[in-house]
Each structure stands twice: as structure tokens, then as C-alpha cells.
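The block underneath contains the structure these notes are about, expressed in C-alpha cells.
The values are calculated or read from the model by the stated rules, or taken from the named source; none is laboratory data. The structure displayed is predicted, hence computed values, not measured ones. Please note: Cβ atoms are built from the backbone with ideal geometry, for glycine as well, and neighbour counts cover all protein chains shown. We work out accessible area using only protein heavy atoms, side chains counted, and drop any ligands, DNA or RNA first. Shrake-Rupley method; radii C 1.70, N 1.55, O 1.52, S 1.80 Å.
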Amino acid sequence: MNPKTNTNIKHNPFSRLFHRGPLNRQIMNLAIPVFFGMISQTLIQVSDTFMVGKLGAEAIAAAGLGGLAYFTILAFLMYGSVGVQIVTAKRFGEKKDKELGELLLSLLYFSFFVGILLSLVGYYLAFPYTTLLNNDAALVQKTASYLSYRFVGTFFFFMSFGLRGFLDGLGLTYVGMLSSILTMLSNIFLNWVFIFGNLGVPALGIDGAGIASSLSGGIGLLVFISFLFTKKIQRYFQLSKIIPDFSILKESLFLGLPPAMDGLLTNMAFLLFNKLAGLIGVHSLAASNIIFSIMSLSFMPGFSFGVAATTILGQAIGRKSPFTGIVGVYRSAHYSALLMGIMGLIFIVFGKEIISLFTTETFVIQATYPALILVSLVQVGDAYHMVMGSALRTVGLVYWVMFVYIICSYAIMLPIAYILGIIYNFGTAGLWSSISVWLLVLGFVFTYKFKKADWLKN
């Protein structure tokens with residue numbers, strides 16, 4: 001790449017942001033389906049928390065802790081698929097269809113067998129895994145039971161993430177959207193069946209939520225499987241061997257391992273964060289889980305425009321024209337910041353009403369709202385951190401991004417949470433002020449690194 005491209009990066013950050021040009025249309029065509037897909041995916045955890053919330057604060061805490069514990073493992077798998085998206089986008093830009101076919105077939109082999117192994121291991125290790133997260137015996141028992149049923153469905157989600165990464169790299173983000181919508185609708189329906197006992201099924205409580213989430217993942221996978229039989233994808237199969245060359249998959253795994261590791265380690269930091277909330281009390285743990293559920297709604301634009309930035313930049317690099325990709329990254333970040341900033345304001349103004357949808361217990365609402373305000377104030381920083389982080393991974397700085405996440409999580413976020421939440425006894429608000437600092441630091445560091453553009457010299 002030409003280092004002189006750096007001279008073109010310094011432009012008005014909001015220039016042509018609302019212009020109906022081809023680049024803006026491409027960003028929206030990529031991001032909007034991912035956004036609606038993320039809404040659907042997020043509503044799985046939100047609906048679990050909401051519907052289980054009818055069973056009391058302990059049930060909210062168990063479902064929230066179990067959901068976060070499961071998402072820690074799921075994040076490793078989900079972010080690992082970033083490598084698939086990056087390689088697919090670059091090969092698509094280079095018009096190497098045969099290599100795309102090899103990647104797709106080897107991906108199917110890999111995700112099928114590894115997915116089955118992950119489901120089995122997760123099911124049997126759910127209880128010892130949960131005992132590491134909390135000392136309350138009753139809460140551990142409920143959480144572990146819920147978590148074991150969630151792990152059964154790991155096979156479905158693992159295959160879905162791999163196929164989503166491939167199709168996102170091609171620019172076909174709407175397939176993931178359709179899968180997520182179907183997963184969400186089936187999860188809500190199956191929650192109604194299994195949690196409360198309907199259609200002749202006994203009421204299984206929190207276990208029913210775990211069963212519903214796993215089954216809905218299988219239903220969502222059917223969308224990806226059915227799309228493999230379309231002409232657009234079949235031609236890639238026709239160019240590949242029956243036993244594929246796994247070298248291109250190795251490249252995807254190499255690029256996907258650092259995002260997977262930072263996803264795993266960052267979420268482990270959040271598990272430790274939840275353990276600190278548990279030291280304050282069940283009400284603080286319930287409050288933190290409600291905030292995680294609410295903020296997952298604001299997280300969606302950042303993730304969605306991050307996917308758009310990865311695809312646009314990856315394909316532009318494949319075509320040897322990085323400048324278009326750079327402009328696409330900046331515009332994606334600005335769109336994300338605009339949406340997430342608006343959502344942050346909504347959470348501040350209507351926060352108590354939103355929290356009351358999850359619980360009617362006054363002491364939980366009182367613990368939740370101040371902390372929600374703190375993290376809502378930094379949503380713009382969160383937007384830039386997510387999009388710029390995705391862009392930096394796309395240009396090859398996957399290990400650099402991983403180390404930044406690890407340092408910020410374990411050297412900044414957790415110490416601040418312990419000092420303010422536990423030592424100085426600021427409670428839930430003290431804990432969540434550490435998340436605010438964490439988001440601001442990540443947003444500044446990633447944006448500065450991308451704007452510096454020293455990666456263009458590679």
C-alpha cells in the first residue's frame with residue numbers, strides 16, 4: 001500500500017456523511033441488516049432476563065450470570081469468525097473464487113466437528129465453571145443448571161458464526177439478519193413454552209430459558225444451511241475439491257485467534273466484574289445484569305458498523321485501493337457514534353422506565369439507574385472503539401488490538417471497579433464508572449492508531 005495515502009485521511013470527519021452516494025449506500029446496505037440481526041440476537045438474552053425476571057431477583061441474577069458466563073465462551077467463537085470475514089472480503093476483492101470455495105468447504109468441516117465437541121464439553125463442565133464465578137450455593141446451582149442447557153446449543157451457534165463470517169465478507173449481511181430474527185422469535189415463543197409451562201410442557205423456570213435458547217439457535221442455523229443451496233453459493237462449492245485445502249482456513253484461524261482471545265479474556269474480565277458485584281450483594285449483581293442487557297441494545301450499532309467497516313476495508317485492500325476503505329471506516333464510525341449517542345440520551349431520560357421493565361423491586365431500580373447514567377454518557381466513545389477496533393484488525397493489527405483490550409481490561413477497568421465499588425463503597429455506580437473509563441480509553445487509543453495510519457506502510 002502507498003504510504004502517501006495517509007495525506008488523504010485528514011478530511012472533515014462529517015463531510016458527505018448524509019450524502020446519498022454509493023459508499024454511503026454500501027455502508028448502510030451492510031450495516032442495517034447486521035443491526036437488525038443484532039437486535040434479534042440481543043433480544044434473546046434480554047427476553048431471557050425479562051421473562052425470568054417474573055421469578056424474582058435471584059432468578060434475574062442466575063440468568064444474567066449464566067448468560068454472561070455463556071457469552072464469554074460464545075464471544076471466543078463469535079470473534080474468531082472475524083478472521084473468516086477478513087479473509088473472505090480480501091479474496092472477494094481479489095476475485096479469487098476458487099479459494100473462496102476452499103474456505104467455505106473447509107469451514108463447514110471444521111465447524112461441524114468442533115461444534116459437537118464444544119457442546120459436549122460445555123454441558124459436562126457447566127457446574128465446575130459456575131462455581132468459579134460465585135460463592136452462593138443456591139445461585140450456583142440455578143446458574144449451572146441453566147448454563148448446561150445453554151451449552152447444548154453451542155454446536156448450532158458455532159456453525160452459524162462461521163457461516164455468518166463468510167457471508168458477511170461477501171457483503172451478504174442480510175442472511176445473518178434473517179437467521180437472527182428467526183432465532184429471536186423462536187426463542188421468545190419457546191421461553192413462553194418452557195419457562196412458564198404451556199402447550200402441555202411442565203414449567204421449567206430458568207432451565208426452560210436455557211433449553212429455549214439452545215433450540216432457537218438450531219432453528220436460526222437452518223437459514224444459513226438453506227442459503228448454501230442457492231446458485232450464488234453453489235458455484236463456490238463447484239470450484240472446490242471434495243476434501244478441501246485447509247491452508248486458507250488456517251489463515252482465517254490465524255487472523256481469528258487474536259480477536260477470539262481478546263473476546264474471551266475481555267469477557268472473563270466482565271465475569272470478574274460480576275463477581276465484584278456479587279460481593280456487594282445480590283441486588284448489585286441483578287442491577288449489573290440489567291445494565292448489561294440494556295447496554296447490549298446500544299452495543300448493536302457499533303458492532304453493525306464495525307462489520308460494515310471490515311467488509312468495505314477488506315474488499316478495498318483486496319482491490320489495491322485502500323483509500324475508499326479508509327473513508328468507509330470513518331463514515332461507519334460517525335454513523336455509529338450518532339446512533340449510539342442518541343441511544344445513550346434515551347437511556348438517561350427514560351432509564352427508570354426501561355429498568356422497571358426488568359424488575360419492580362425498588363432497591364434494584366435504585367442501584368441500577370445511577371450506574372446506567374454513567375455508562376450512557378460515554379456511548380460515543382464506545383462507538384469509535386468498536387468500529388476502529390474492527391478496522392485495525394482488518395489491516396492486520398489483530399495482535400495489537402488484542403493486547404490493548406487485555407491491558408485496558410485488567411490494568412484499568414478491574415482495578416478501578418475494585419477501588420471505587422468495594423474499597424470506597426460506592427457500590428454499583430462505583431463499579432460501572434470503571435466501564436465508562438474503559439470505553440473512553442479504548443475509543444481514544446483505537447481512533448488515534450487508525451488515524452496515525454502507520455499500518456499503510458506494511
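Does SER390 satisfy the condition of being more than 30 Å from PHE363 (Cα to Cα), among the polar types (S, T, N, Q) and either in contact (Cβ under 8 Å) with a residue 24 or more places away in the chain or part of a helix (DSSP H, G or I) (or both)? Yes; evaluated as a whole, the condition is true for this residue.
Among residues of the range 194-214 that are acidic (Asp, Glu), those with a Cβ under 7 angstrom from a residue that is buried (at least 21 other Cβ atoms within 10 Å of the Cβ), sequence gap 6+ or separate chain, pair up as ASP207/TYR146; ASP207/TYR149.
Of LEU139, LEU100, LEU104, LEU163, all but one fail to be aliphatic (A, V, I, L, M), in contact with a Lys or Arg (Cβ under 7 Å, 6 or more places away or on another chain), on the phi < 0 side of the Ramachandran plot and open to solvent by less than 10 Å² (accessible area, probe 1.4 Å); the exception is LEU100.
Count of the range 372-384 residues, restricted to those that are within 30 Å of ALA89 (Cα to Cα) and open to solvent by 10 Å² or more (accessible area, probe 1.4 Å), is 4. In this structure, does ILE86 turn out to be open to solvent by less than 10 Å² (accessible area, probe 1.4 Å) and among the β-branched types (Val, Ile, Thr)? It is true that ILE86 is open to solvent by less than 10 Å² (accessible area, probe 1.4 Å) and among the β-branched types (Val, Ile, Thr). Number of residues in the range 412-458 that are under 24 Å from the mean Cα position of the chain (by Cα), of a type outside the set (A, V, I, L, M, F, W, C) and open to solvent by 50 Å² or more (accessible area, probe 1.4 Å): the value is 1. Kindly establish whether ALA126 is modelled with pLDDT under 85, within 22 Å of the chain's Cα centre (by Cα) and not in a loop (DSSP other than H, G, I, E, B). Yes, satisfied.
Does LEU68 qualify as being within 25 Å of GLY306 (Cβ to Cβ) and either of a type outside the set (A, V, I, L, M, F, W, C) or modelled with pLDDT under 85 (or both)? So LEU68 fits the description; yes.
Assess whether ILE233 counts as being aliphatic (A, V, I, L, M) and over 20 Å from the mean Cα position of the chain (by Cα). When the stated conditions are applied, ILE233 passes them. Would a scan of the range 37-56 turn up a residue that is of a type in the set (Phe, Trp, Tyr), modelled with pLDDT of 85 or more and either more than 19 Å from the chain's Cα centre (by Cα) or open to solvent by 20 Å² or more (accessible area, probe 1.4 Å) (or both)? No, the range 37-56 contains no residue that is of a type in the set (Phe, Trp, Tyr), modelled with pLDDT of 85 or more and either more than 19 Å from the chain's Cα centre (by Cα) or open to solvent by 20 Å² or more (accessible area, probe 1.4 Å) (or both). Could you list, in sequence order, all residues of the range 357-371 that are at pLDDT 90 or above and either surrounded by fewer than 24 Cβ atoms within 10 Å (Cβ to Cβ) or not in a helix (DSSP H, G or I) (or both)? Correct list: TYR369, PRO370.
Within the range 430-458, the set of residues being β-branched (Val, Ile, Thr) and within 30 Å of SER284 (Cβ to Cβ) comprises ILE435, VAL437, VAL441, VAL445. Just one of (1) touching a Leu at 6+ places or on another chain (Cβ under 8 Å); (2) surrounded by 23 or more Cβ atoms within 10 Å (Cβ to Cβ) fails for ALA269. It is (2).
Do we find that LEU253 is among the aliphatic types (A, V, I, L, M), within 24 Å of the chain's Cα centre (by Cα), open to solvent by 40 Å² or more (accessible area, probe 1.4 Å) and closer than 18 Å to TYR79 by Cβ in this structure? Here the answer is yes, as LEU253 does meet what is asked.
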